[in-house]
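The values are calculated or read from the model by the stated rules, or taken from the named source; none is laboratory data. Owing to the predicted nature of the structure, the values given are computational and were not obtained by experimental measurement. Note that each Cβ is placed from the backbone with ideal geometry, even for glycine, and that neighbours are counted across all protein chains shown.
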Amino acid sequence: MCALFGSSGLCGSCGQTIPASEFVMRSGCGGVYHLKCFACSKCGSPLVTGDRYALVNGSLLCEQDSLKVRGSPGASGPGGTGATRKGKVGRPRRSRD
């Protein structure tokens, strides 16, 4: 079962504490991020509401970069070893720590 917010109260990207009053972005079943940290780890483009993304081995990737990674040898997918989770960005939520 997915928790609505991370149990540690730390950003999944920068590792800093997220105050309870701050808006956050969630990814799948594990990551909670500051709005400014919710970006592709490869190209740095911010992920906004409606964007498609993938979580590959714990890293956020925009749709374009996730397609590049999955197309490379050894990438996750059929025959690959990495863990991939697809998602779509929803609206920012308030943290409840």
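Odds and ends about this structure:
- The set of residues in segment 41-69 that are under 20 Å from ILE18 (Cβ atoms) and surrounded by 19 or more Cβ atoms within 10 Å (Cβ to Cβ) comprises LEU47, TYR53, LEU55, LEU60.
- Residues (more than 17 Å from VAL69 (Cβ to Cβ) and either among the polar types (S, T, N, Q) or in contact (Cβ under 8 Å) with a residue 24 or more places away in the chain (or both)) located in segment 34-52: LEU35, CYS37, PHE38, VAL48, THR49, GLY50
- Check on CYS14, modelled with pLDDT of 85 or more and in a loop (DSSP other than H, G, I, E, B): yes
- Number of positions in segment 15-33 that are under 29 Å from GLY71 (Cβ atoms) and in contact with a helix residue (DSSP H, G or I) (Cβ under 8 Å, 6 or more places away or on another chain): 1
- For SER76, the conditions (1) part of a helix (DSSP H, G or I); (2) at pLDDT below 90 all hold with the exception of (1).
- Taken as a whole, the structure leaves SER21 outside the set of residues that are assigned to a loop (DSSP other than H, G, I, E, B), small (Gly, Ala, Ser) and surrounded by 12 or more Cβ atoms within 10 Å (Cβ to Cβ).
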